[in-house]
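Shown next, in structure tokens, is the structure this report addresses.
Each reported figure results from applying straightforward, stated rules to the coordinates on display, with no laboratory input. Everything numeric in this text was worked out from a predicted model, so none of it was measured. Counting neighbours? That spans all protein chains shown, and the Cβs are built from the backbone with ideal geometry, glycine included.
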């Protein structure tokens, strides 16, 4: 069952602290973004999302190295963490460098068949949180490139049980818990870096 109260809690937290959300979904096929947008005002938080159901989509839309997928598979902590990073990096490339953002990335086996030796219910989830401190704003803005070291990650592999839909719903709930655990201890950041850059 989808925990809509959890989704609303995440929405209110991200809205209050000026953090944008980006989704990168494989087995959920857009379910995470869809459920999030049921909240009125979701556009204040949700920047966008990617449905990357195939390896080719992950490579072309999130710039994941093909060698990474060849080495570890599409259902792996390494790949899902690269998805989370790729989603934030795409946001960084088109937005102001000082805007904080958090991503949700999920890849797994909803069932009924196994995939790459992983049984149904195997799900990898990663969230990546980018929250630069004010002293880094101008440096990041000028560099035009986001490094993985600038983010904080929470990545884990789960073994869910139940039907295909139940696995997808459990994935959604865990994904939002990832976001909550990364962002709930933050303080309200500067919402508009243009003000900061103008003062420099």
In what order do 15, 58, 38 fall by count of nearby beta-carbon atoms within 10 Å, going from fewest to most?
38, 15, 58
Rounded to the nearest 0.05, what FRET efficiency do residue 43 and residue 148 give with R0 = 35 Å and r taken as the Cβ-Cβ distance? Could you check?
0.80
In nm, to one decimal, how far is the modelled label at residue 9 from the one at residue 70, with both set 7 Å along Cα→Cβ?
4.4
From fewest to most C-beta neighbours within 10 Å, the residues 183, 37 line up as 37, 183
Computed from the beta carbon distance with a Förster radius of 41 Å, FRET efficiency for residue 163 and residue 16 to the nearest 0.05 stands at 0.70
Can you put 185, 159, 168, 17 in order, fewest other beta carbons within 10 Å first?
185, 159, 17, 168
What distance in nm separates the two pseudo spin-label positions at residue 63 and residue 93, each 7 Å out from Cα along the beta-carbon direction?
0.4
